[in-house]
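**Q** Have a look at this one.
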Amino acid sequence: MSNQTIIETYKLAKDVYSKYGIDTDKVLESLQNLSISLHCWQADDVGGFETKASSIGGGIQVTGNYPGKANTVEEMRADLEKVLSLLPGNHKLNLHAIYGEFNGEMVDRDQIEVKHFQGWIDWAKRNNVGIDFNATCFSHPKAEDGFTLSSKDEEVRKFWIEHVKRCREISNEIGKQLGQPCIHNTWIPDGSKDMCVDRLGHRTLLKASLDEIFETEYDSKYMKDAVESKLFGIGSESMVVGSYDFYLGYAIKNNKLICLDNGHFHPTEQVGDKISSVLQFVDEILLHMTRGVRWDSDHVVTLNDESTLIAQEVVRAGALDKTNVGLDFFDASINRVGAYVTGCRAARKAFLLALLEPTDLIKAHEEKGENFERMFLLEQAKSLPWGAVWDYYCLQQQTALDSEIIDVVQDYEKSHLLHRGEVLV
């Protein structure tokens, strides 16, 4: 499709949307202001760079062995740069603590420092992206019994407290150097495979650990804290210490962001429906957008009903400035760069659709009790020419159209990914 055709088609779409009270130019301005945090762990199946001999654990499982996994920091950065070149809009990079540059040195997690992530900060500056950060409380000998911050072994608990403290300190320095807030998200795998009698004991310890971790306060200009719940995981099927009830209460009481990962709830729960509720009690939220299939399987985000509802509820609440959007999926069964591009573009499309919704018109019918009219408009909005608006946005951003993505990703696979071998450290 020629650039002129895209522009002319956009003008037609702009006229259609204007009849519903939607200014598509303003919509694209709002969409551009949305920053999506790209998770580094899709590139290497949550392996990290501590040691290639280790395997992931803590309720996390990645399936597949598609060729092209990133084995080094350099390979990961090359993949991320390729992905960023294929994405319209502003972005951040979401780093886990295991992705530091340790240069072959064994640095345990209670000893990590800013210097181990300075290379990533410099890379972010060069690529004009922000950084978010996560403590890594899994895939470690001191997490093998299933408990970290809620462990009844005081030595183990103190180890993980120190790790998260250092991660917050690193996050603060990242924010200072990049001049924008770094969100530090705390998720732990703590739980029980089978029946647990002393749930209260573990949750009391988790609260005490968090209280100690958050004793040091940082300026929100540079660092913000989020806490993330989970329904269950592999090895924590019967009880998860950091449940939604626990973390929602903690976030409200302690003025922290609540992280809503839509793969961490019961399959029949709608995370989109939670947004207007939690925003009554917390200042900001963090979204981890994924696609759970029957369980927290972290499939690549697609433009489905769930991702669309999440975006709609954020926009309907006028909460784009209170919402931090990140991705959290990992699929080793397909081209990993292609997975990134598919998932991130789908997430941004969900927000585009939400911004293009004639919400005021629909609400007006709703207020009058005109429910047929409300339903019909909601259905009609699905087939309005939003695709023309998306193509124009990609053209504006000087990035590939959807019709070009497959060829570009396949070319990158042939020139880069298929030449990689497994690197053991």
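Here, each number is a calculation from the coordinates, and none is a lab measurement. Computed from a predicted structure; not experimentally measured. Cβ placement follows ideal geometry from the backbone for every residue including glycine, while neighbour counts extend to all protein chains displayed.
**Q** Past 26 Å, Cα to Cα: identify those pairs from K14/K382; K14/K322; K322/K349; K11/K274, in the order given.
**A** In this structure, K14/K322; K11/K274 lie more than 26 Å apart at Cα.
**Q** Also, I was wondering about something else. Using a 10 angstrom cutoff on alpha carbons, build the Gaussian network for the chain and name the most mobile of N262, N304, N71.
**A** N304
**Q** With charges set only on the Cβ (+1 for Lys and Arg, -1 for Asp and Glu), what does the dipole of the chain come to about its Cα centre, in debye to the nearest 20?
**A** 360
**Q** Between F133, F159, F147, which gets the highest mean-square fluctuation from a Gaussian network model of the chain, Cα cutoff 10 Å?
**A** Comparing F133, F159, F147 in the GNM, the peak value goes to F159.
**Q** Tell me the mean residue ellipticity at 222 nm calculated for the chain from its helices only (DSSP H runs of n ≥ 4, each -39500 (n - 2.57), averaged over every residue, nearest 500).
**A** Mean residue ellipticity, 222 nm, calculated: -14000 deg cm²/dmol.
**Q** Right, next: If you line up the long axis of helix 3-18 against the longest principal axis of the chain, both from Cα atoms, how many degrees apart are they, to the nearest 10?
**A** Orientation of helix 3-18: about 80 degrees from the principal axis.
**Q** Then there is this: Please name which of N71, P141, M106 has its Cα lying farthest along the dipole of the stretch 34-355 towards the positive end, using unit charges on Cβ (Lys, Arg +1; Asp, Glu -1) and the Cα centre as origin.
**A** Positive-end residue among those listed: N71.
**Q** Continuing with this model, one more query. What does DSSP give for the stretch 34-355 in terms of the percent of beta bridges that are antiparallel, rounded to the nearest 5? Provide the component values of the computation, followed by the final result.
**A** Numbers: 3 of 34 bridges.
In the stretch 34-355, DSSP labels about 10 percent of beta bridges as antiparallel.
**Q** Under 23 Å from the Cα of K152, which lysines turn up, not counting those fewer than eight places away in the same chain?
**A** Qualifying lysines at Cα under 23 Å: K142, K165, K193, K207, K230.
**Q** Next question. How far is helix 154-178 tilted, in degrees, relative to the longest principal axis of the Cα atoms in the chain, given as a value from 0 to 90 rounded to the nearest 10?
**A** 40
**Q** Right, here's the next one. Under 26 Å Cα to Cα from K414, which lysines show up? Leave out anything in the same chain fewer than 8 places away.
**A** Qualifying lysines at Cα under 26 Å: K52, K69, K82.
**Q** Next question. For a quick check of your reading of the filter: which trypsin sites (Lys or Arg not before Pro) in the stretch 283-352 sit in a DSSP loop and have no more than 11 other Cβ atoms within 10 Å?
**A** Counting only loop positions with at most 11 other Cβ atoms within 10 Å, the trypsin sites (Lys or Arg not before Pro) in the stretch 283-352 are R294.
**Q** Considering only C-alpha atoms, what is the centroid distance from the stretch 113-139 to the stretch 181-242, in Å?
**A** Spelled out, the Cα-based centre of one part sits 22 Å from the other.
**Q** Using a ≥ b ≥ c from the Cα gyration tensor of the stretch 34-355 (square roots of the eigenvalues), is it rounded, prolate or oblate, where a/c under 1.5 gives rounded and otherwise the larger of a/b and b/c decides, a/b for prolate?
**A** rounded
**Q** Could you give the angle, 0 to 90 degrees to the nearest 10, between helix 336-356's Cα long axis and the longest principal axis of the Cα atoms of the chain?
**A** With rounding to tens, the tilt is 50 degrees.
**Q** Going Cα to Cα from K363, which aspartates and glutamates come in below 12 Å? Please leave out same-chain ones fewer than 8 positions away.
**A** Answer for K363, where 12 Å is the Cα cut-off: E373, listed by chain and number.
**Q** Oh, and also: Can you order the peptides 306-312, 20-26 by their average number of other Cβ atoms within 10 Å per residue, highest first?
**A** Averaged packing, sorted descending, gives the order 306-312, 20-26.
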